[in-house]
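Bear in mind these aren't lab numbers, they're just calculated from the coordinates by the rules spelled out. This one's a predicted model, so the numbers in the text were calculated from it and none came from an experiment. In this analysis, Cβ positions are derived from the backbone assuming ideal geometry, glycine residues included, and neighbour counts consider all displayed protein chains.
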Amino acid sequence: MTSLSIIRTLLDGGLVVLIWMVQLVIYPSFLYYNKENLIQWHKKYMSSFSLIVIPLMFGQLGISSYQLITQANTYTFTSLFIIIVLWISTFIQFAPIHLNISKGTVSEKRLISLVNKNWIRTFLWSLLFIYSFFKTIFI
């Protein structure tokens, strides 16, 4: 067990906690705001949340890339593949939804869709954390 593996597992753990909070608390709460309040809150939420999630995501990507280069194996390849899928999903699917919300293009259907679509990221970040945890602890 290396200190880099521990840091990686901590980053994965931080992201899994965040995604579950987003999935179970933050995104569903959007449905309780009227349109004007949601737009105002969403802008604040995005700037504040970005300060937390961006360093974690870049740290996870950086360490995973380094691990693949220095110890190419099934674990490092699979981990980086999942991370790339998460990044693509975040920027292609979720960033536009959040941009639309910030611009005022809000509907109950769109907000429910946001929660439903986010289950895949919740599943993938959870899977990634479990994989890293067991790899770090038991191997």
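Across the chain the C-alpha pair distances fall into 10 Å bins from zero in the proportions 11, 41, 28, 14, 5, 0 percent. Between VAL25 and VAL53, the FRET efficiency estimated from the beta carbon spacing at R0 = 22 angstrom works out to 0.90. Spin-label model, ILE120/ASN73: points 7 Å from Cα along the beta carbon direction are separated by 3.0 nm. In this simple spin-label approximation, LYS109 and THR2 carry label points 7 Å from Cα along the Cα→Cβ vector, and these lie 5.0 nm apart. With a Cα cut-off of under 22 Å and a minimum spacing of 8 residues unless on different chains, the lysine pairs in the chain number 11. The alpha carbon centroids of segment 86-139 and segment 1-76 are separated by 9 Å. Our coupling estimate for segment 14-31, obtained by passing each phi through the Karplus curve with A = 6.51, B = -1.76, C = 1.60 and θ = phi - 60°, is x, 5, 6, 5, 4, 5, 5, 5, 4, 5, 9, 10, 5, 4, x, 5, 4, 5 Hz, Gly and Pro reported as x. Result for the chain in a Gaussian network model with C-alpha springs under 10 Å: among VAL17, VAL106, VAL25, the largest mean-square fluctuation is at VAL25.
Largest GNM mean-square fluctuation among ILE69, ILE19, ILE39, using the chain with Cα springs under 10 Å: ILE69.
With contacts taken as Cα pairs under 8 Å and at least 6 residues apart, the chain reaches a relative contact order of 50 percent.
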